[in-house]
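What follows is calculated from the coordinates using simple rules that are stated; it is not laboratory data. As the structure is a prediction and not an experimental result, all values here were calculated from the model. Methodologically, a virtual Cβ is constructed for each residue, glycine included, from the backbone with ideal geometry; neighbour enumeration extends over all protein chains shown.
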Ligand SMILES: Nc1ncnc2c1ncn2[C@@H]1O[C@H](COP(=O)(O)OP(=O)(O)OP(=O)(O)O)[C@@H](O)[C@H]1O
Ligand SMILES: [Mg+2]
């Protein structure tokens with residue numbers, strides 16, 4: 001048994017009108033510490049749903065999630081939130097950066113929430129994601145790809161044990177995409193950060209240690 005991340009018969013249904021429609025139909029997944037796992041599959045197959053459950057953002061309808069031996073699915077909301085802030089970094093498919101804050105303040109906020117002072121400065125992080133000199137821009141003053149890189153910077157500055165990235169290169173051209181993928185590889189190898197990355201990009205899928213294929217709410221490897 002993997003002691004880093006494990007799911008048992010994970011299911012999630014969403015209520016649509018009067019019906020419950022299944023988005024995950026029983027996912028059993030094990031991820032070792034330090035793995036770089038890529039998740040692929042057609043649109044609507046449940047990839048983002050799975051990621052939101054793994055990160056403790058949503059609750060499953062059925063099944064269990066264990067993170068470092070602790071059962072996430074048995075935790076009270078406050079405990080779950082604390083663990084999420086401490087250990088998990090998210091890059092969302094819709095990047096969820098705050099529109100009224102500058103790039104720099106969006107990144108700093110991620111640390112403030114955790115009550116940390118950065119080991120890596122915001123300047124360094126901006127440079128790492130190729131946004132040198134853009135720290136004072138608000139999201140509306142940045143391109144889509146730049147906003148995505150702010151979201152990535154925010155997720156990685158606190159060096160989370162587990163980085164969950166939903167289409168992190170979706171809005172990036174091939175040069176910036178390669179740059180971000182190199183950065184992820186480096187975080188994975190040098191900091192031993194475990195990464196789960198969803199992607200539709202066949203090139204991006206190649207960089208992981210392992211590819212998990214999903215279809216219709218299930219893993220189909
Ligand atoms: N908040 C929600 N309420 C109701 N149904 C939802 C909700 N979120 C997702 N779904 C449904 O659950 C299924 C899985 O959605 P999910 O977003 O996980 O797919 P995905 O694999 O991430 O797709 P994509 O590649 O397009 O991002 C879809 O059928 C979707 O319509
Ligand atoms: Mg998705």
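Summary table
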{"item": "For region 96-137 versus region 1-33, the gap between their alpha-carbon centres in whole angstrom", "result": "32 Å"}
{"item": "Interatomic Cα distance distribution for region 1-87, bins of 10 angstrom, percent", "result": "16, 49, 30, 5, 0"}
{"item": "Relative exposure of 12, 6, 159, 112, judged by other C-beta atoms within 10 Å (fewest first)", "result": "112, 159, 6, 12"}
{"item": "Ordering of 103-111, 140-148 by burial proxy (mean other Cβ atoms within 10 Å per residue, highest first)", "result": "103-111, 140-148"}
{"item": "Crossing angle, helix 174-190 versus the chain [Cα axis fit, 0-90 degrees, rounded to tens]", "result": "70 degrees"}
{"item": "0 to 90° range, to nearest 10: angle between helix 77-87 axis and the chain longest Cα axis", "result": "50 degrees"}
{"item": "Ratio Rg/Rh, restricted to region 154-221 and using Cα atoms, in which Rh is the Kirkwood radius", "result": "0.96"}
{"item": "For the chain, alpha-carbon Rg relative to the globular expectation (2.2 N^0.38 Å, N residues)", "result": "0.99"}
{"item": "The chain, helix-only ellipticity at 222 nm - DSSP H runs n ≥ 4, -39,500 (n - 2.57), divided by all residues, nearest 500", "result": "-9500 deg cm²/dmol"}
